[in-house]
Amino acid sequence: MSTPDYSWMPTNLQPDDANPVWMSKADNAWQLTAATMVGLQSIPGLVILYGSIVKKKWAVNSAFMALYAFAAVLICWVGWGYQMSFGNKFVPFLNKIDDALDQHVLLKQAFGGYKFPTATMLYFQFVFAAITLILIAGALLGRMNFIAWMLFVPLWLTFSYTIGAASIWSPNGWLSKKGLIDYSGGYVIHLSSGVAGFTAAFWVGPRETKDRERFPPNNILLMLAGAGLLWMGWTGFNGGDPYMASIDASLAVINTHVCAATSLLTWLVLDIIFFEKPSVIGATQGMITGLVCITPAAGVVQGWAAIIMGVLSGSIPWFTMMVLHKKVWLLKQVDDTMAVFHTHAVAGTLGGLLTGFFANPRLSYLFYLNPNYEHYIGLAYGFHNGRVGAGFKQMGIQVLGVLYIVVLNVVVTSIICNLIKLVVPLRMSEEQLSGGDEAVHGEEAYALWGDGEKFEKSVHNSVYGGDELGMQKV
């Protein structure tokens, strides 16, 4: 067989050993860019958001929980998490355990025939796994023992996240084969983190009463900076999930921002109507619920559907947070610091169900590139196209996915928390709860170097960790 002649192609597009024939430079570049945008949502996005939205006494601890999770997830991901989620089939809800560290794995073509190497896919899927753990942390800020958190992250990633990802996103997954539509993580990331965070918050217990009763952000402007990184980073979050620089990626990006803006404005209007003040914290919550709601649907719904989803995501989670939360016994018992249950579990469920209603079969084809694209049809188009049975079937699959993720995360998270309790306390000591960052880490967020005593308890109270090199305390 003769070797194909690529001499007609521009030099920079001709394949070679470093640029195999199966790789698209454009797709690979976009996928790496999208992954980095999602990574920036966490580091520094959520680090800044968490560190600034809590009371000053918990700024360092809250930011550090996010930073630690990002690093810990990466090592677990390359060690075993990626292969358990996307590797060779073991059972319908989990793949075989293996590492992803060798060039023979990393440099081969990604699963599904996508036109970039496995190393790129691994990186892209890692940042999704990392942000899921960081979202869970939002429910636990201000009281979880940091050592317990260090144990929780690898355990939950291994025994919960990988199962959800393998079931829904892996080509071998049982819900994937049933036809569940989860464009970019409404189920795997947001519903999972909302339910797991709420469950873990139940087991860890509440913050101190004084921390719950008065909970002013220590820096609203920094909070907005973190929120801005989160919003703009969602361009990569949803735009990267077709796994190619396609027209469907473009649609997903614009739908994402339209839904987020609509949701923010809806939440803002409700705050003005019922509380007579436009709240920037409320607007931020509305932005988040809009981004979460559109995530499972981003590239498979029309723009007008994204606006409807924005109105619903700005009002239904608002109602559950601002009204139901004060009336439902269970919600009042659990101290969910960042309201992750409302912003991610409620909004994620809403998005998943609305996906089952609004999914357009033609747009589903552009996403899945499956000749049997009529299989993915929302109920609204089932009525419109005379395929009502198929539409109801899709809604049923979406509901099944919600139930599966909820049960999985309640059970697994509860087991993990109770196992950790056998080793270390889930909660900080009373001294740490009272002292905050200085008691836990020996560091404070806004300590000035002129107040040298503020860092006396830190093991890094000088550039080199001590005074043995002749450095004087200020």
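Remarks
- Scanning the range 47-99 for residues that are among the charged types (D, E, K, R), closer than 12 Å to A445 by Cα and in a loop (DSSP other than H, G, I, E, B) yields a count of 1.
- Looking only at the range 338-388, residues that are touching a Cys at 6+ places or on another chain (Cβ under 8 Å) and assigned to a loop (DSSP other than H, G, I, E, B) come to 0 in all.
- Search result, residues across the range 368-389 that are open to solvent by 30 Å² or more (accessible area, probe 1.4 Å) and within 24 Å of S170 (Cβ to Cβ): Y368, L369, N370, P371, N372, Y373, E374, H375
- Residues (open to solvent by less than 40 Å² (accessible area, probe 1.4 Å) and touching a residue at least 60 places away in the same chain (Cβ under 8 Å)) located in the range 91-110: L94, N95, A110
For (1) open to solvent by 10 Å² or more (accessible area, probe 1.4 Å); (2) at pLDDT 90 or above; (3) under 29 Å from S429 (Cα atoms), each residue gets a yes or a no:
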residue: G79; (1), (2), (3): yes, yes, no
residue: K89; (1), (2), (3): yes, no, no
residue: Q125; (1), (2), (3): no, yes, no
residue: T162; (1), (2), (3): no, yes, no
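- Against the conditions (1) open to solvent by 40 Å² or more (accessible area, probe 1.4 Å); (2) under 24 Å from W156 (Cβ atoms); (3) without any contact (Cβ under 8 Å) to a residue 40 or more places away in the chain; (4) in contact with a strand residue (DSSP E or B) (Cβ under 9 Å, 6 or more places away or on another chain), K25 satisfies every one except (2).
- Any pair with Cβ under 9 angstrom, 6 or more apart, that starts in the range 146-164 at a residue that is within 22 Å of S176 (Cβ to Cβ) and ends at one that is not in a helix (DSSP H, G or I): T162/L94; T162/N95; I163/F93; I163/L94; G164/F93
- Residues in the range 219-228 include at least one that is modelled with pLDDT under 95 and not in a helix (DSSP H, G or I).
- Residues (among the aromatic types (F, W, Y) and closer than 22 Å to V204 by Cβ) located in the range 139-193: F146, W149, F152, W156, F159, Y161
- Being under 26 Å from the mean Cα position of the chain (by Cα), modelled with pLDDT of 95 or more and among the aliphatic types (A, V, I, L, M) is a property that holds for L49.
- Any hit, the range 4-12, residues being aliphatic (A, V, I, L, M), open to solvent by less than 80 Å² (accessible area, probe 1.4 Å) and over 28 Å from L133 (Cβ atoms): yes
- Whenever a residue of the range 407-424 is closer than 11 Å to W156 by Cβ, its partners that are at pLDDT 95 or above and open to solvent by 70 Å² or more (accessible area, probe 1.4 Å), lying with C-beta atoms within less than 6 angstrom and at least six residues away or across chains, give the pairs V412/F159; C417/W203.
- Only listed residue being touching a helix residue (DSSP H, G or I) at 6+ places or on another chain (Cβ under 7 Å) and surrounded by fewer than 21 Cβ atoms within 10 Å (Cβ to Cβ), chosen from N238, N218: N218
The values are calculated or read from the model by the stated rules, or taken from the named source; none is laboratory data. Please read these numbers as outputs of a predicted model, since none were measured by experiment. Backbone-built Cβ (ideal geometry, glycine too); neighbour counts: all protein chains shown. Side chains included, ligands, DNA and RNA excluded: accessible areas come from the protein's heavy atoms. Shrake-Rupley method; radii C 1.70, N 1.55, O 1.52, S 1.80 Å.
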